[in-house]
Amino acid sequence: MRLPLLLLLTLRIVQADSSLFDRFFDEYYFHFNPTQGTAAGFHQYDARLEDYSQKAVDDQIAVLHRFEGEFNRAPASDDRDLVLGKIRADLLALQAIRMWEKNPDVYSSGITSSIFTLMSRAFAPQPERLRSVISREKQIPRALDEARANLKNPPRIYTEIALEQLPGLVQFFEKDVPLAFTQVHDPKLLAEFKVANKGSIDALQRYSAFLKNELLPRSNGDFRIGPDNFRKKLSYEEMVDMPLDDLLKVGYANLRQNQESFRKVAQQIDPKKTPAQILTDLESDHPPPDRLLGSFRDLFAGLREFIDKHKIIDIPSKVEPILEETPPFMRATTFASMDTPGGFERVAKEAFFNVTLPERSWSKQQVEDHMRGFNRGTITSTAIHEAYPGHYVQFLWVQQIPSKVRKLLGASTNVEGWAHYCEQMMLDEGYAAGDLKLRLGQLQDALLRNARYIVGIQMHTGKMTFEEAVDFFVKEGYQTRANGERETKRGTSDPTYLYYTLGKLEILKLREDYKKMRGTQFRLSQFHDEFIKQGYPPIRIVRHALLGSNGSLL
């Protein structure tokens, strides 16, 4: 039977679109970012390391321009717009922001991350994964040579941060990489690994000496990306086009609202104490180290029960994440994390909720300092953010999305915005029966994200110095000075880390608009289900799917 002409044309468009998307991932995304291929579950890339050469940068730019033209001519769709945003964001990063020329940590941490992706999940037997590690490690000395050639005039703070990181990265290769492959007993393979691993360690140590002796003295660059690049980065990555002055007004308004809520809750807890004193008391309310994993495990059942009983969101699987101690090779940098497989992983499909326990060699004071970070409020907000109904539930839904684009590309305002939104939403819906101490902890986390929001914009548009940003975290975000310094350092290379608060506010606005549209038929669970089924694209795309039009994001 002959198909109608219109249907044939439609099928050709769909096939052409599918082919174009596939070519984008094959010829650009994974070709130039093989580590992302491994993480996504495409293991034909496991033996390859990123090419960091100037020629590779030029090649990427050329390929991106070619695909930009092709996608501009393709039929309009949300997925097409998502890919176009990725293309334009990457062109901005390569041509204008140029971290490959300014940030030495891009290289040393990048190669370490590439090895880590082969260690963190058992998608293949250890000997097979070790062969891929060896292959990537053999390419590390060349990658660090390319770094030397590329780095021109970094900001001093970038070189200092890279130098701070390097001892831990060297230790990662010295201790943690071998620990990840203890089941390998092939003498020839182990000997080959020993040589490649030592080569990686030696290359990192030479790189460290280069940074200290040659690069640091000539690191006089500016970390600020400027208002024009900031606007473009936010537009391409998050599809947010609001003028920066208006964004700041939104950020300050939410900061003041949270500060006032914090003050009122603290007064309700104990009117005789200052908010700072109450926070100190809260931090001392933590389980003993040997009960830390159990404390998280105990929360899972209660969170799921509350979500089901109060119809918060459908959870498409009864399988819980595997709660375990953070693996040795992650403990230096990870407090707690959710390790989920890529959207196309077919073997290692389990998810891990990793929690870093105190080391046995630590002093009593070191243990206490670590455990204060795992106070009762932090444990609750972390479990909500990382697992139920935060990142883990979103991951479960992403697995079911048929769109290749939606499984691989997304926006931080969605991913981190959703998890941050959940911290507040769960308490708003009655979780923990109005426990004021949990609310105070949630508000302090919100104030931290408020400070990131404002500092990111102000520092990178030249309206706030590094020192002023640290003070802002302390005075306005209610953070310790040590944490303020750490957060400000992060902000120098992560300009748009406003995405936690920005995403939460976008979701709250979308929820309100969806509620107005649905009227008496509005159900919170329906909104959450419809939201989460879209994957994790910019909220503008979700608005289009749920409301039929974009409208105001905030």
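The values are calculated or read from the model by the stated rules, or taken from the named source; none is laboratory data. Remember, predicted model here, so these are calculated numbers, not experimental data. Cβ: placed from backbone, ideal geometry, glycine included. Neighbour counts: every protein chain shown. The accessibility values were calculated without ligands, DNA or RNA, using every heavy atom of the protein model including side chains. Shrake-Rupley method; radii C 1.70, N 1.55, O 1.52, S 1.80 Å.
Can you tell me which residue in segment 171-190 is farthest from SER109 (Cα to Cα), limited to those that are open to solvent by less than 20 Å² (accessible area, probe 1.4 Å) and assigned to a helix (DSSP H, G or I)?
To start, the set of residues in segment 171-190 that are open to solvent by less than 20 Å² (accessible area, probe 1.4 Å) comprises 172-173, 177, 180-181, 184, 189.
Then drop every residue that is not assigned to a helix (DSSP H, G or I), which leaves 172-173, 177, 189.
Details: PHE172: 11, PHE173: 12, VAL177: 14, LEU189: 25 Å.
Ranking the candidates gives LEU189 first.
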Problem set entry | Residues of segment 58-103 satisfying the condition of being touching a residue at least 24 places away in the same chain (Cβ under 8 Å) and among the basic types (Lys, Arg) | ARG80, LYS86, ARG88, LYS102
Exercise. List the pairs whose first member sits in segment 436-452 and is free of Cβ contacts under 8 Å to residues at least 40 places away in the same chain, whose second member is part of a helix (DSSP H, G or I), and whose Cβ atoms are under 9 Å apart, counting only residues at least 6 apart or on separate chains?
Worked result: LEU448/PHE473; LEU448/ASN483; LEU448/GLU487; LEU448/TYR500
Problem set entry | Among (1) of a type outside the set (S, T, N, Q); (2) open to solvent by 70 Å² or more (accessible area, probe 1.4 Å); (3) over 26 Å from the mean Cα position of the chain (by Cα), the one test that ARG156 misses | (3)
Exercise. Quick one: what pairs do we get from segment 522-543, first residue surrounded by fewer than 16 Cβ atoms within 10 Å (Cβ to Cβ), second part of a helix (DSSP H, G or I), C-beta under 6 Å, 6+ apart or different chains?
Worked result: PHE522/LYS515; GLU530/LEU546
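Would you check which residues across segment 483-521 are of a type in the set (A, V, I, L, M, F, W, C) and either open to solvent by less than 30 Å² (accessible area, probe 1.4 Å) or closer than 17 Å to ALA446 by Cα (or both) and list them?
If we filter segment 483-521 for residues that are of a type in the set (A, V, I, L, M, F, W, C), which is where we start, we get 498, 502, 505, 507-508, 510, 517.
Result: LEU498, LEU502, LEU505, ILE507, LEU508, LEU510.
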Problem set entry | Odd one out for ALA162, checked against (1) in contact (Cβ under 8 Å) with a residue 40 or more places away in the chain; (2) over 21 Å from PRO34 (Cβ atoms); (3) surrounded by fewer than 20 Cβ atoms within 10 Å (Cβ to Cβ) | (3)
Exercise. Within the set of pairs 6 or more residues apart or between chains, which connect a residue that is in contact (Cβ under 8 Å) with a residue 12 or more places away in the chain inside segment 281-295 to a residue that is assigned to a helix (DSSP H, G or I) and surrounded by fewer than 17 Cβ atoms within 10 Å (Cβ to Cβ) with Cβ atoms less than 8 Å apart?
Worked result: GLU283/ARG372; SER284/ARG372; HIS286/ARG372; PRO287/GLY294; PRO289/VAL367
For this session: Filter the helices (runs of 4 or more DSSP H) completely within segment 243-334 down to those with at least 2 residues that are open to solvent by 70 Å² or more (accessible area, probe 1.4 Å) and more than 20 Å from CYS422 (Cα to Cα).
Result: 244-269, 275-283
Exercise. Looking only at segment 191-242, which residues are in a loop (DSSP other than H, G, I, E, B) and in contact (Cβ under 8 Å) with a residue 40 or more places away in the chain?
Worked result: SER219, ASN220, ASP222, PHE223, ARG224, ILE225, MET239, VAL240, MET242
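Filter the helices (runs of 4 or more DSSP H) completely within segment 357-475 down to those with at least 2 residues that are crowded, with 19+ Cβ neighbours inside 10 Å.
Details: elements: 364-372, 376-386, 391-398, 404-408, 412-428, 436-460, 466-475.
By residue number, 376-386, 391-398, 404-408, 412-428, 436-460, 466-475.
So which of ALA147, ALA143, ALA162 ends up being more than 30 Å from THR465 (Cβ to Cβ) and out of contact with any strand residue (DSSP E or B) (no Cβ under 7 Å at 6 or more places or on another chain)?
Working: ALA147 fails: more than 30 Å from THR465 (Cβ to Cβ); ALA162 fails: more than 30 Å from THR465 (Cβ to Cβ).
The match here is ALA143.
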Exercise. For residues in segment 118-128 being at pLDDT 95 or above and in a helix (DSSP H, G or I), which is least open to solvent (accessible area, probe 1.4 Å)?
Worked result: LEU118
